[in-house]
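Worksheet for the structure shown next.
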Amino acid sequence: MLRGAALRVTRPRIAVLTAVYDHPHADTDSIIGVVRANHGEVSHQAIYDVLRALTTAGLVRRIQPAGSVARYESRVGDNHHHVVCRSCGVIADADCAVGTTPCLIASDDHGFAIDEAEVIYWGLCPDCSTAPST
Ligand SMILES: [Zn+2]
Ligand SMILES: [Zn+2]
């Protein structure tokens, strides 16, 4: 994958890419934790740099719901959406409502050439919606 994106294959890049694949929607701190658990000490800065390079190359997608830190995932290229729990912040994937990318067709595009729609569904996850309120 790295070679396909014209990125040099380095151990930190492989480690970070693997972590993102294994832990969809993980934030940077979680990714750092996973990388370090599997590969020993890797600097914060190195991991930030790798995440930026992978995101720029399109190998990982960066999402950042309002009020959340940035999350990363390996599911790229399908413009899927996300459901986010208002209470615990857990994130799940949500496919486009119908077909492939119907959300790109805005009811009024104001003359813009639209190439992306970012939709976030907010609510309570099953765990939080059944938890007794304290
Ligand atoms: Zn929740
Ligand atoms: Zn996702």
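The values are calculated or read from the model by the stated rules, or taken from the named source; none is laboratory data. A quick note: this is a predicted structure, and the numbers were derived from the prediction, not measured. When we count neighbours, we look across all protein chains shown, and the Cβ atoms used for this are built from the backbone with ideal geometry, even at glycine. Protein only, heavy atoms only, side chains kept; ligands, DNA and RNA dropped before computing areas. Shrake-Rupley method; radii C 1.70, N 1.55, O 1.52, S 1.80 Å.
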Take the stretch 50-83 and flag every residue that is surrounded by fewer than 19 Cβ atoms within 10 Å (Cβ to Cβ), more than 22 Å from C128 (Cα to Cα) and free of Cβ contacts under 8 Å to residues at least 24 places away in the same chain.
R52, T55, T56, R62, V76, G77, D78, H80
I want to confirm something. Restricting to the stretch 20-49 and keeping residues that are of a type in the set (G, A, S) and in contact (Cβ under 8 Å) with a residue 24 or more places away in the chain, which single residue is most open to solvent (accessible area, probe 1.4 Å)?
A46
Could you figure out which of (1) closer than 20 Å to W122 by Cα; (2) not in a loop (DSSP other than H, G, I, E, B) isn't true of V34?
(1)
Residue set Y72, Y121; condition within 12 Å of the chain's Cα centre (by Cα) and outside any helix (DSSP H, G or I); output residue Y72
Does R11 satisfy the condition of being of a type outside the set (S, T, Y), open to solvent by 40 Å² or more (accessible area, probe 1.4 Å) and modelled with pLDDT of 95 or more?
no
Can you run down the residue pairs with Cβ atoms below 6 Å, 6 or more apart or on separate chains, where the first is in the stretch 111-128 and within 9 Å of H82 (Cα to Cα) and the partner is open to solvent by 90 Å² or more (accessible area, probe 1.4 Å)?
W122/R86
